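One structure is given here, and the rest of the page talks about it.
The values are calculated or read from the model by the stated rules, or taken from the named source; none is laboratory data. All figures in this text were calculated on a predicted structure; none of them were measured in a lab. Every residue, glycine as well, gets a Cβ built from its backbone with ideal geometry; the counts of neighbours run over all protein chains shown.
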Amino acid sequence: MSAPSPSVAARVPACKPEPFGGLAAGGSKASPHPQPSPASGRGRTSGSFARVLGREGWGEGSPSRRLAIRGDLLDFSAAPAWGDVESTAVRFRPDHWLLIEDGRIAGAQPDAPDASWVRQDHGGRLILPGFIDTHVHMPQLDVIASYGTELLDWLNTYTFPAETRYADPAHAQAGATLFVDALLAHGTTAAVVFATSHTTSVDAVFEAARAHGMRIVTGKVLQDRHSPDGLRDDVLQAERDCIDLIDRWHGVDRLAYAVTVRFAPTSTPEQLAMAGALCRADASLYMQTHVAENRAEVAWARELFPQARSYLDIYARAGLLHPRSVLAHCIWIDDADRAALHAAGAQIAHSPSSNLFLGSGLFDWRAAAASGVAVSLATDVGGGTSLSMLRTMADAYKVQAMAGQRLTAWCALHAATLGAAQALGLTDEIGSLNAGCSADVCIWDWAAGPVAQRRMQVARSLHERAFAWMLLADDRNLVATYVAGDLRHRRDAKE
Ligand SMILES: [Zn+2]
């Protein structure tokens, strides 16, 4: 990749960007392509976390890898119906012991297990599957909460310059470590992640996730036009980079590769065709991109691809819609698009905080649900303003309220756990407290502070309680995060 450009901001107007000038990228890569560590993610310690593991979790010299955690277990056995606050798909098991053996959930029971189990008593607390964030940008923590722009301006003014810096391996490694630690500190144990166009950034995300044993899907961003020097790639080099990264990381431990198209306006038809060919060559690859987020973006995409019926159809024609496709936003789509998404088995990653912050529009969840398209929830940081899936759920409720709809706590929580797992084809591994699943679980306080405590005291039903928790809780409520049965974050480990 070429050296970072010192000035890429304001080179493209907000509504109708022109191509960036400068030489086309495609020189020799500078990234070192480090090999994955041979050590398993499980049990590895790094940085500040080592001291936490030494005090809790499996512990040094523990006679077994059997852990039992007491609390109120909440997960889903199926998808709750829209608007049903008494859904039978909700599985609530108050004051149970969750049994974890060798990193996997072994079962749950009301009685305390015998002394062969390491017991963690969190009675009176909520135990949920770890959240799954299906659309988030690792390199955008530096631009979170940036003032005053809509999507295309925001990309040029803040995001592209920040992402350019990820060509530097040290910068990428530091950013990825911060990012993964922050996910865990918000109760997110699995994520579908945008890196940057640099292979260094992809290696950094995979390495950081592997060190924590996490389920992560990510990939190199494809963008061979309308992008600044230092980010812009070309078709041949991008293809080589993708194949290289797939060989190195796809299927290693809990890691998977996603063919990652930034969005149609920043890829030539030739690059989209290459991305489609990669997906056809290996059906186990994921695909992620953005579509129909902002009206100016939609108009620009339609202008660049006049032969397509719609913005989404650009991707369909390139072979990018399939059961492992994750489409962020899908705000400005129509019934034919929804039918195409449903037919392909693709999912929508709904990012309400980002949509509100950038003024992009209000997603029609009800229409998506009615057409049978899977909807998961995503923070879309840095367009989104928090890595918290709870803040995301609260904003999702407000977006639906603007349209006169009511999003139940059950629909929101399902979309952030089992629903996302289902859409990603990973229900055997994540998204629930089912026996056999990886023990990716979080322990939460039902309430933090006197206002929330009072609200919980007067709640009359389980849904009322769960909904108030969803709206009032944040990362202060998170007591502990376990990944594959290993403690990876603890609230009181910060002293
Ligand atoms: Zn995004």
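The table below lists the values:
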| item | result |
| --- | --- |
| Filter pass, residue 388 being within 16 Å of the ligand (Cβ to nearest atom) and touching a residue at least 12 places away in the same chain (Cβ under 8 Å) | no |
| Criterion: in contact with a helix residue (DSSP H, G or I) (Cβ under 9 Å, 6 or more places away or on another chain), over 17 Å from residue 392 (Cβ atoms) and surrounded by 21 or more Cβ atoms within 10 Å (Cβ to Cβ) - qualifying residue of 177, 159, 149 | 159 |
| Criterion: under 20 Å from the mean Cα position of the chain (by Cα) and over 24 Å from residue 256 (Cβ atoms) - qualifying residue of 155, 178 | 155 |
| Members of region 264-279 that are buried (at least 23 other Cβ atoms within 10 Å of the Cβ) and in a loop (DSSP other than H, G, I, E, B) | 267 |
| Matching residues, region 398-424, being closer than 17 Å to residue 84 by Cβ and assigned to a helix (DSSP H, G or I) | 400, 409, 410, 411, 412, 413, 414, 415, 418, 419 |
| Residue among 326, 298, 261 that alone is hydrophobic (A, V, I, L, M, F, W, C), surrounded by fewer than 24 Cβ atoms within 10 Å (Cβ to Cβ) and within 16 Å of the ligand (Cβ to nearest atom) | 298 |
| Boolean, residue 402 is away from the ligand (no atom under 16 Å from the Cβ), more than 14 Å from residue 329 (Cα to Cα), modelled with pLDDT of 95 or more and not β-branched (Val, Ile, Thr) | yes |
| Among the candidates 351, 376, 438, 360, residue that is over 23 Å from residue 209 (Cα atoms) and either within 16 Å of the ligand (Cβ to nearest atom) or in contact (Cβ under 8 Å) with a residue 40 or more places away in the chain (or both) | 360 |
| Looking only at region 425-478, and only at residues there that are among the acidic types (Asp, Glu) and not in a loop (DSSP other than H, G, I, E, B), the one that is farthest from residue 93 (Cα to Cα) | 475 |
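Here is a yes/no grid of residues against (1) crowded, with 24+ Cβ neighbours inside 10 Å; (2) of a type in the set (A, V, I, L, M):
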position: 414; (1), (2): yes, no
position: 418; (1), (2): yes, yes
position: 424; (1), (2): yes, yes
position: 441; (1), (2): yes, yes
position: 445; (1), (2): no, no
position: 452; (1), (2): no, yes
position: 456; (1), (2): no, yes
